[in-house]
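Since every read-out is calculated from the coordinates, none of them should be taken as a lab result. Since the model is a prediction, treat every value here as computed from it, not as a measurement. Counting neighbours? That spans all protein chains shown, and the Cβs are built from the backbone with ideal geometry, glycine included.
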Amino acid sequence: MFIELLAAGAAEAPQNNFGFMEAMEQGGPVAWSILAVLVIQSVGSFYILFTKLFEQNKIMKQFRAGRAAFWRAGSISEGANKFEKNSAWRQLIDDALAAKSESDKMSDSLETHDWLHGSLARSESAITAKLNGGLPFLATTGATAPFVGLLGTVIGIYRALINIGIAGSASIDKVAGPVGEALIMTAIGLLVAVPAVFAYNYLQGRNKKIQAMLSGFSTELLANIASNGTVKPNVAPAAAKTAPAAAPKKA
């Protein structure tokens, strides 16, 4: 008897027809299309965030590890080997050496300086452009994701109004689905936009730090080349390796 009562109560319990999937199914292809756009924007934003973080950390680590060893070398050509071949710093050094070889053909010292300065500036700009790759997508996502979600909201409210007009009354079963869909789209749009904006500002700040490092290193290279190797920044000498102390002899 008790089991029969439980079964009857379960059968009479109201079913929840207003969940996320139900709201999306009522929205149809338009709702799914808007959701797909937001998902693509979200996945793309996190992909750019993590890949750019890895790239930035690698560049900063290479600079901290190789700068002192570079300036302790006998020449720029010798010091270039202290950096990896595909690194941003090696690119800057190689461009500086190429510009120096071209400037040796010039007779005017002012033109030589301008050529070296312009070549290093172009190299910096190329590296900076590569670092900034992907950031426009973050900016676009942060600016447009709320409006994409708002489009879903507008469509959901419009469908709710149509259901009210057809039914002749604003009963909850007629408007809950479209309104739920509208609220879901608004929330998803904000959830996509906010991380993208934070990621853009964070990566942009780190890029500016790297640009300052590039500018400082470029200035050091220019001064060293223009002075024929006389001008060098002060760097800490390499730590000398001390031999381990000998064990005391037993009496």
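Miscellaneous remarks
- Working from label points 7 Å from Cα in the Cα-to-Cβ sense, the LEU183 to SER75 distance is 7.4 nm.
- For LYS82, the shell of other residues with beta-carbons less than 11 Å away shows a net charge of +1, using +1 for Lys and Arg and -1 for Asp and Glu.
- Projected label distance in nm at PHE46 and ALA223, using a 7 Å step from Cα toward the beta-carbon: 4.6
- Calculated FRET efficiency for the pair LEU161/ALA126, C-beta based, R₀ 51 Å, to 0.05: 0.40
- A Cβ-based charge dipole, computed about the Cα centre of region 24-226 with Lys and Arg at +1 and Asp and Glu at -1, lands at about 540 debye.
- One decimal place: the segment ASN234-VAL197 gains 9.4 nm when fully extended, by the rule 0.36 nm per residue minus the C-alpha distance.
- The value of relative contact order for region 24-226, using C-alpha pairs under 8 Å at least six residues apart, is 30 percent.
- For region 74-88, 3J(HN,Hα) per residue [Karplus equation, 6.51 cos²θ - 1.76 cosθ + 1.60, θ = phi - 60°, Hz, x = Gly/Pro]: x, 8, 5, 4, 6, x, 4, 6, 6, 10, 5, 5, 9, 7, 5
- In sequence order, region 99-104 has phi-based couplings of 5, 5, 5, 6, 5, 5 Hz under the Karplus curve 6.51 cos²θ - 1.76 cosθ + 1.60, θ = phi - 60°, and Gly or Pro positions carry x.
- Pairs exceeding a 20 Å alpha-carbon distance, out of LYS100/LYS232; LYS58/LYS208; LYS85/LYS105: LYS85/LYS105.
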